[in-house]
Amino acid sequence: GENVEQHPSTLSVQEGDSAVIKCTYSDSASNYFPWYKQELGKRPQLIIDIRSNVGEKKDQRIAVTLNKTAKHFSLHITETQPEDSAVYFCAASGILTGGGNKLTFGTGTQLKVEL
Amino acid sequence: EPEVTQTPSHQVTQMGQEVILRCVPISNHLYFYWYRQILGQKVEFLVSFYNNEISEKSEIFDDQFSVERPDGSNFTLKIRSTKLEDSAMYFCASKGAGPDTQYFGPGTRLTVL
(Lines give C-alpha, C1' and ligand atoms only; values in the text may rest on other atoms or scores of the structure.)
Protein backbone atom coordinates (compact mmCIF):
# COMPACT_ATOMS: atom_id res chain seq x y z
CA GLY A 1 0.00 0.00 0.00
CA GLU A 2 0.85 3.66 -0.03
CA ASN A 3 3.55 4.98 2.33
CA VAL A 4 4.08 8.70 2.89
CA GLU A 5 7.25 10.06 4.47
CA GLN A 6 7.37 13.62 5.79
CA HIS A 7 10.28 15.82 6.85
CA PRO A 8 11.19 17.57 9.02
CA SER A 9 9.29 16.46 12.10
CA THR A 10 9.82 19.87 13.71
CA LEU A 11 10.56 23.21 12.12
CA SER A 12 11.23 26.48 13.86
CA VAL A 13 11.39 29.72 11.87
CA GLN A 14 11.44 33.41 12.61
CA GLU A 15 8.35 35.43 11.82
CA GLY A 16 8.51 36.60 8.21
CA ASP A 17 10.76 33.77 7.07
CA SER A 18 9.70 30.99 4.74
CA ALA A 19 8.98 27.42 5.76
CA VAL A 20 9.26 24.33 3.57
CA ILE A 21 7.92 20.89 4.40
CA LYS A 22 8.65 17.92 2.16
CA CYS A 23 6.88 14.63 1.57
CA THR A 24 7.54 11.59 -0.54
CA TYR A 25 5.07 8.90 -1.52
CA SER A 26 5.53 5.36 -2.75
CA ASP A 27 2.51 4.52 -4.90
CA SER A 28 2.77 5.91 -8.42
CA ALA A 29 -1.02 5.50 -8.75
CA SER A 30 -1.64 8.23 -6.17
CA ASN A 31 -3.02 11.31 -7.85
CA TYR A 32 -4.29 13.63 -5.14
CA PHE A 33 -2.12 15.32 -2.51
CA PRO A 34 -3.73 17.49 0.16
CA TRP A 35 -2.10 19.35 3.01
CA TYR A 36 -3.85 19.69 6.36
CA LYS A 37 -3.14 22.05 9.23
CA GLN A 38 -3.99 20.82 12.71
CA GLU A 39 -3.97 23.07 15.72
CA LEU A 40 -3.73 21.50 19.15
CA GLY A 41 -6.88 19.53 19.95
CA LYS A 42 -8.61 20.56 16.74
CA ARG A 43 -9.66 18.84 13.53
CA PRO A 44 -7.32 18.68 10.51
CA GLN A 45 -8.18 21.58 8.21
CA LEU A 46 -7.42 21.44 4.51
CA ILE A 47 -5.18 24.34 3.52
CA ILE A 48 -4.23 23.44 -0.03
CA ASP A 49 -4.25 20.46 -2.35
CA ILE A 50 -2.82 19.48 -5.70
CA ARG A 51 -3.72 16.89 -8.29
CA SER A 52 -1.24 14.93 -10.34
CA ASN A 53 -1.99 16.78 -13.55
CA VAL A 54 -0.61 20.00 -12.02
CA GLY A 55 2.98 20.76 -11.02
CA GLU A 56 2.41 23.75 -8.77
CA LYS A 57 -0.44 25.53 -7.05
CA LYS A 58 -0.45 28.73 -5.05
CA ASP A 59 -2.93 30.33 -2.69
CA GLN A 60 -1.71 33.63 -1.21
CA ARG A 61 1.21 32.76 1.11
CA ILE A 62 0.90 29.01 0.60
CA ALA A 63 2.14 27.00 -2.35
CA VAL A 64 2.51 23.33 -3.12
CA THR A 65 4.76 21.74 -5.71
CA LEU A 66 4.58 18.20 -7.06
CA ASN A 67 7.24 16.16 -8.81
CA LYS A 68 5.53 13.02 -10.10
CA THR A 69 8.71 11.50 -11.46
CA ALA A 70 10.47 11.70 -8.13
CA LYS A 71 7.24 11.07 -6.20
CA HIS A 72 7.62 13.99 -3.89
CA PHE A 73 5.65 17.10 -3.06
CA SER A 74 6.35 20.09 -0.88
CA LEU A 75 4.51 22.78 1.04
CA HIS A 76 5.91 26.29 0.99
CA ILE A 77 4.72 28.98 3.39
CA THR A 78 6.08 32.47 2.84
CA GLU A 79 6.06 35.44 5.23
CA THR A 80 5.25 33.18 8.16
CA GLN A 81 3.14 34.52 10.99
CA PRO A 82 2.67 33.28 14.58
CA GLU A 83 -0.77 31.94 13.66
CA ASP A 84 0.88 29.59 11.18
CA SER A 85 2.21 27.64 14.18
CA ALA A 86 0.58 24.20 14.08
CA VAL A 87 1.17 20.63 12.96
CA TYR A 88 1.06 20.19 9.20
CA PHE A 89 0.24 16.85 7.61
CA CYS A 90 0.71 15.87 4.01
CA ALA A 91 -1.39 13.08 2.55
CA ALA A 92 -1.78 11.11 -0.63
CA SER A 93 -4.62 9.19 -2.22
CA GLY A 94 -5.65 7.53 -5.42
CA ILE A 95 -9.06 6.91 -6.90
CA LEU A 96 -10.33 3.44 -6.15
CA THR A 97 -13.13 1.66 -7.88
CA GLY A 98 -16.24 2.91 -6.10
CA GLY A 99 -14.57 6.20 -5.22
CA GLY A 100 -13.41 5.40 -1.68
CA ASN A 101 -10.15 7.28 -1.92
CA LYS A 102 -8.61 6.85 1.52
CA LEU A 103 -5.99 9.35 2.60
CA THR A 104 -2.59 8.09 3.70
CA PHE A 105 -1.01 10.68 5.96
CA GLY A 106 2.57 11.61 6.63
CA THR A 107 3.87 11.74 10.18
CA GLY A 108 3.39 15.48 10.56
CA THR A 109 5.59 18.54 10.97
CA GLN A 110 5.35 20.74 14.06
CA LEU A 111 5.89 24.26 12.76
CA LYS A 112 6.74 26.93 15.28
CA VAL A 113 6.91 30.55 14.17
CA GLU A 114 8.87 32.62 16.64
CA LEU A 115 8.52 36.35 17.15
CA GLU B 1 -20.39 26.87 5.60
CA PRO B 2 -21.58 23.30 6.37
CA GLU B 3 -19.36 21.22 8.62
CA VAL B 4 -19.04 17.62 9.73
CA THR B 5 -20.16 17.23 13.34
CA GLN B 6 -19.34 14.49 15.83
CA THR B 7 -20.69 13.41 19.20
CA PRO B 8 -19.64 13.00 21.89
CA SER B 9 -16.54 15.18 22.02
CA HIS B 10 -15.06 12.96 24.73
CA GLN B 11 -15.98 9.41 25.72
CA VAL B 12 -14.52 7.56 28.66
CA THR B 13 -15.20 3.85 28.91
CA GLN B 14 -14.04 0.73 30.69
CA MET B 15 -12.04 -1.90 28.83
CA GLY B 16 -14.38 -4.47 27.30
CA GLN B 17 -17.31 -2.10 26.96
CA GLU B 18 -19.00 -1.21 23.69
CA VAL B 19 -18.89 2.36 22.41
CA ILE B 20 -20.67 4.06 19.54
CA LEU B 21 -19.22 7.19 18.04
CA ARG B 22 -21.57 9.35 16.03
CA CYS B 23 -21.00 11.58 13.05
CA VAL B 24 -23.24 13.77 10.93
CA PRO B 25 -21.52 14.24 7.55
CA ILE B 26 -22.11 17.23 5.31
CA SER B 27 -25.61 16.76 3.94
CA ASN B 28 -25.01 16.25 0.21
CA HIS B 29 -21.86 14.17 0.62
CA LEU B 30 -21.74 10.56 -0.54
CA TYR B 31 -18.47 9.19 0.80
CA PHE B 32 -17.80 8.73 4.49
CA TYR B 33 -14.67 7.85 6.40
CA TRP B 34 -13.37 7.12 9.86
CA TYR B 35 -9.79 7.88 10.84
CA ARG B 36 -8.07 7.71 14.17
CA GLN B 37 -5.13 9.57 15.68
CA ILE B 38 -3.28 8.25 18.69
CA LEU B 39 -1.93 11.14 20.76
CA GLY B 40 1.10 12.71 19.10
CA GLN B 41 0.97 10.43 16.07
CA LYS B 42 -0.27 10.68 12.51
CA VAL B 43 -3.82 10.28 11.33
CA GLU B 44 -4.58 6.68 10.29
CA PHE B 45 -7.30 5.48 7.96
CA LEU B 46 -9.82 3.01 9.39
CA VAL B 47 -12.65 2.61 6.89
CA SER B 48 -14.43 4.20 3.95
CA PHE B 49 -18.14 3.84 3.23
CA TYR B 50 -20.11 4.48 0.07
CA ASN B 51 -23.53 3.44 -1.21
CA ASN B 52 -24.34 1.77 2.11
CA GLU B 53 -21.37 -0.50 2.14
CA ILE B 54 -17.73 -0.51 3.12
CA SER B 55 -15.45 0.47 0.22
CA GLU B 56 -12.17 -0.22 1.96
CA LYS B 57 -10.89 -0.94 5.44
CA SER B 58 -7.48 -1.00 7.04
CA GLU B 59 -5.84 -3.70 9.13
CA ILE B 60 -6.84 -1.75 12.23
CA PHE B 61 -10.52 -2.19 11.36
CA ASP B 62 -10.92 -5.75 12.63
CA ASP B 63 -14.03 -7.68 13.70
CA GLN B 64 -14.42 -5.49 16.78
CA PHE B 65 -15.24 -2.49 14.58
CA SER B 66 -18.35 -1.85 12.54
CA VAL B 67 -19.89 1.11 10.76
CA GLU B 68 -23.45 1.94 9.96
CA ARG B 69 -25.50 4.64 8.32
CA PRO B 70 -28.76 4.06 10.20
CA ASP B 71 -30.63 6.93 8.58
CA GLY B 72 -30.07 9.64 6.01
CA SER B 73 -27.92 11.81 8.23
CA ASN B 74 -25.91 9.81 10.77
CA PHE B 75 -22.79 7.70 10.30
CA THR B 76 -21.64 5.65 13.27
CA LEU B 77 -18.55 3.73 14.33
CA LYS B 78 -19.05 0.94 16.85
CA ILE B 79 -16.31 -0.73 18.83
CA ARG B 80 -17.76 -3.87 20.40
CA SER B 81 -15.24 -4.61 23.11
CA THR B 82 -12.83 -1.76 23.69
CA LYS B 83 -9.16 -2.29 24.44
CA LEU B 84 -6.69 0.04 26.07
CA GLU B 85 -5.00 0.57 22.71
CA ASP B 86 -8.25 1.87 21.21
CA SER B 87 -7.68 5.10 23.13
CA ALA B 88 -7.30 7.76 20.46
CA MET B 89 -9.00 10.66 18.75
CA TYR B 90 -11.48 9.39 16.18
CA PHE B 91 -12.23 11.63 13.23
CA CYS B 92 -15.12 11.27 10.83
CA ALA B 93 -14.74 12.75 7.35
CA SER B 94 -16.99 13.12 4.34
CA LYS B 95 -16.57 13.88 0.66
CA GLY B 96 -18.87 14.95 -2.12
CA ALA B 97 -19.41 13.25 -5.45
CA GLY B 98 -16.95 15.36 -7.40
CA PRO B 99 -13.86 16.85 -5.79
CA ASP B 100 -11.43 14.76 -3.79
CA THR B 101 -11.52 16.99 -0.72
CA GLN B 102 -12.37 15.25 2.54
CA TYR B 103 -13.75 17.41 5.31
CA PHE B 104 -13.01 16.34 8.85
CA GLY B 105 -15.20 16.55 11.91
CA PRO B 106 -13.91 17.88 15.25
CA GLY B 107 -13.21 14.39 16.55
CA THR B 108 -14.20 12.24 19.51
CA ARG B 109 -11.54 11.63 22.09
CA LEU B 110 -11.97 8.04 23.29
CA THR B 111 -10.31 7.08 26.55
CA VAL B 112 -10.36 3.40 27.52
CA LEU B 113 -9.54 2.70 31.16
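Numbers at a glance
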item: Given (1) more than 25 Å from A:V4 (Cα to Cα); (2) without any contact (Cβ under 8 Å) to a residue 60 or more places away in the chain; (3) outside any strand (DSSP E or B), index of the condition B:F61 fails; result: (1)
item: Residues being under 18 Å from B:D100 (Cα atoms), within 9 Å of chain A (Cβ to nearest Cβ) and not in a strand (DSSP E or B) - total across the range B:24-45; result: 2
item: Selected residue [at pLDDT 95 or above, touching a Pro at 6+ places or on another chain (Cβ under 7 Å), on the phi < 0 side of the Ramachandran plot and among the aromatic types (F, W, Y)] from A:Y36, A:Y88; result: A:Y36
item: Some residue of the range B:82-89 being within 11 Å of another protein chain (Cβ to nearest Cβ), under 24 Å from A:E39 (Cα atoms) and surrounded by fewer than 18 Cβ atoms within 10 Å (Cβ to Cβ); result: no
item: Matching residues in the range B:90-103 - criterion: being at the interface with chain A (Cβ under 7 Å from one of its Cβ atoms) and over 13 Å from B:F45 (Cβ atoms); result: B:D100, B:T101
item: Per-region count, the range A:1-58, residues more than 24 Å from A:V113 (Cα to Cα), in contact with a strand residue (DSSP E or B) (Cβ under 7 Å, 6 or more places away or on another chain), of a type in the set (S, T, Y) and exposed (fewer than 13 other Cβ atoms within 10 Å of the Cβ); result: 0
item: Conditions (1) touching an Asp or Glu at 6+ places or on another chain (Cβ under 6 Å); (2) farther than 14 Å from A:Y88 by Cβ; number of the one not met by A:S52; result: (1)
item: Test set (1) of a type outside the set (D, E, K, R); (2) under 26 Å from A:T109 (Cα atoms); (3) in a loop (DSSP other than H, G, I, E, B); (4) at pLDDT 90 or above - B:S48 fails condition number; result: (3)
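The values are calculated or read from the model by the stated rules, or taken from the named source; none is laboratory data. Keep in mind it's a predicted model, so treat the numbers as computed, not measured. Please note: Cβ atoms are built from the backbone with ideal geometry, for glycine as well, and neighbour counts cover all protein chains shown.
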